[in-house]
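These notes are about the structure you will find just below.
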Amino acid sequence: MGPLPLSRRIFLLVGTVFFLLLALTSLLLSIFFSNLLIARTEDYLHLVMQQNQNIINAYVKRVDEVAVDIANDRFLYQALSQPLSDSFVDQSITRQTINRYLITTVYVPLRKYFNSVSYWFFIDDSMPAGRMYADYSFPGNKVVPMKQAENVPFLSSIAREGGKVIWFFDPSKPGKIYAACQVLGSYSAVSIANMGILLFEFNVADLFGNIQKVGLTDNSIYYFLSPGGQSFEVITQTGLFTSQRLEEILSSQGILPRRSGQAASSFRAENHFFSVLPLDNQWLLVGVTPFSDILSQTRRVTGFLIPVTFLSLAAVLLLSYVIARSISAPIAGLSDVMRKSTEESNLDVSLPEHKQSVEIAALYDSYAALVERIKLLLQEVYDKGLSVKQAEIRALQAQINPHFLYNTLDSISWTALDLGDSEIPAVVSSLSNILRYSIKEPDKLVSLEEELEIVQHYIDIQRFCYSLAIDTQFEGRQFTAGLKVPKLTLQPLVENAILHGFLENGIKTGTIYMRCLPEDGRVAFEVENAGQADIEKMLAIIHGEGNAEKHGIRNIHHRLQMLFGEEAGLSFYKKADGALVVRLSIPRAAPAAEAEQKAVQTR
């Protein structure tokens with residue numbers, strides 16, 4: 001199966017890219033909006049729970065206010081604490097007065113909030129009025145003696161709270177909820193008198209029915225956790241979670257055991273959303289909503305995105321086809337022209353005019369310019385071919401010249417030997433060795449021993465030319481093993497020593513001292529110049545501030561640094577007698593192959 005046409009490949013490529021981008025965008029939008037809806041729904045549910053919290057707290061606050069009003073009422077205190085009369089009529093009047101007062105201060109205010117309100121006032125045995133009710137029995141009487149409170153649940157807790165209203169349920173009456181407090185009179189001259197216990201009875205529907213009107217979702221339910229010592233009871237009408245399981249869930253979230261000042265919280269657990277809010281009566285209001293109810297909102301987003309995605313995909317495929325055709329048609333025409341030019345080996349094939357788009361027109365123009373450029377290059381290649389041939393001939397001629405020079409020097413040496421002259425052949429041999437050394441592979445690194453050998457040839461030539469009686473003294477030859485340097489590195493240093501230490505001063509005899517010294521990871525090679533020299537001037541030369549045409553040391557310094565790094569190079573110092581010492585420093589373990597490659601690049 002051959003390759004696909006360009007139009008089909010463009011169609012598939014563009015369609016695939018658009019499809020992937022569309023699918024990715026739809027997925028990201030679905031995830032984003034789903035998370036956003038979930039977060040907003042959870043915020044809304046928690047807000048509804050806060051409204052329910054406020055509703056319940058308003059009822060609780062009203063009951064607390066009534067309890068506080070009773071505890072601080074002077075009239076009730078005086079009615080209960082005044083000496084008891086033996087007259088039956090007086091006692092009857094007192095009972096009616098107390099009953100009417102409690103109806104006015106307890107029943108009437110609470111009746112505005114609750115549809116059904118029942119209350120009982122258990123008079124403490126220490127109050128004189130308590131004896132009045134000891135043997136008094138009347139149906140529906142709301143003021144009774146303290147002994148009748150023995151069957152009231154949480155009696156010990158009521159006494160322990162010392163005037164604070166506590167709320168509780170009676171398991172035997174599931175439809176009722178109770179609030180009770182100890183009534184402590186504030187007007188006793190001796191101490192705070194315990195007037196009795198005030199007990200309220202409400203319908204659960206009255207206290208908590210209003211929050212059901214607000215609602216969360218159809219499947220949302222409420223739990224009320226009331227403190228009972230160190231344990232907690234779950235009071236609910238539906239029973240989605242058992243009391244023990246709900247306590248385990250709240251304990252795992254750090255909500256139980258209860259802490260003072262505990263703030264509202266919300267969390268997810270067991271595929272449900274929990275919203276927990278503390279009430280003013282020390283209870284916890286817990287709203288539980290199945291997570292499936294929250295996710296139902298996201299299904300609407302998904303149902304909207306699916307058809308939009310398919311419609312967008314159809315539009316993308318149509319657009320991909322149009323783009324593929326608009327690009328492939330002119331390119332196919334250009335391809336035919338190029339194929340014909342190749343098959344016929346003819347670069348003069350004319351291009352059809354194309355003005356469909358600026359880019360395609362530019363492509364056609366570029367191909368035309370390319371053809372013209374190829375024609376030009378072919379002509380240049382032809383012309384340069386002749387130049388290459390001529391260069392090869394000149395190179396062959398250049399190879400003849402060194403051999404001609406060596407042969408000429410050898411002829412002079414043999415002629416001088418035939419005439420009985422031994423000095424000329426030695427000088428000619430030294431010169432020939434130097435020429436061969438410098439011309440053959442000039443970029444190759446050589447050993448320090450080879451450099452010293454060339455230095456010796458150079459000194460022999462200088463002795464002959466200037467009638468010098470120069471000796472050489474070399475120290476530390478054992479440290480030269482394995483060291484490699486560029487060719488003709490030491491010869492310029494020795495040349496400067498002869499020029500400035502001997503010839504400029506008219507000295508014919510002397511010794512050139514050379515030393516090889518080991519250092520930390522490096523080796524230093526020193527050449528001592530007996531002449532006087534300015535070190536500052538020498539440093540200026542190697543740093544490019546002097547006349548480089550007369551000083552080869554700058555070239556040596558730079559080549560060493562390029563080959564071996566910034567730590568290599570030349571330095572200078574003076575001895576006590578004023579002699580100048582040129583110091584050449586190179587690393588001991590210099591990588592020869594890498595340095596040789598650098599030497600070729602720096603040539």
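Quick note: the coordinates plus some simple rules give every number you see, no bench work behind them. For clarity, every value in this text was computed on a predicted model and none was experimentally measured. Cβ sites come from the backbone with ideal geometry, for glycine too, and all protein chains shown count toward neighbours.
Each listed q (0.09 Å⁻¹) maps to a log10 I(q)/I(0) for the stretch 54-202 from the Debye sum over equal C-alpha point scatterers, namely -0.27. In order along the stretch 115-131, phi translates into HN-Hα couplings of 5, 9, 10, 10, 9, 9, 10, 8, 6, 5, 5, 6, 7, x, 5, x, 5 Hz, rounded to whole numbers, per the Karplus curve 6.51 cos²θ - 1.76 cosθ + 1.60 with θ = phi - 60° and x for Gly and Pro.
Restricting the chymotrypsin sites (Phe, Trp or Tyr not before Pro) of the stretch 127-158 to loop positions (DSSP other than H, G, I, E, B) with no more than 14 neighbouring Cβ atoms within 10 Å leaves TYR136.
Under a 5 Å amide H cut-off, with hydrogens placed 1.01 Å from N, ALA269 pairs with PHE274 among residues at least 5 apart or on other chains. Database remark: amide H of LYS164 closer than 5 angstrom to the amide H of GLN182 (H placed geometrically; neighbours at sequence offset of 5 or more, or on other chains; Pro and chain starts carry no H). The H on the amide N of VAL523, modeled in the peptide plane, is under 5 Å from the matching H of ILE586, ARG588, each at least 5 residues off or on a different chain.
Can you tell me how the stretch 459-556 classifies by the Cα gyration tensor, rounded, prolate or oblate, using a/c under 1.5 as the rounded cut?
Because a/c hits 1.5 or more and a/b fails to exceed b/c, the stretch 459-556 counts as oblate.
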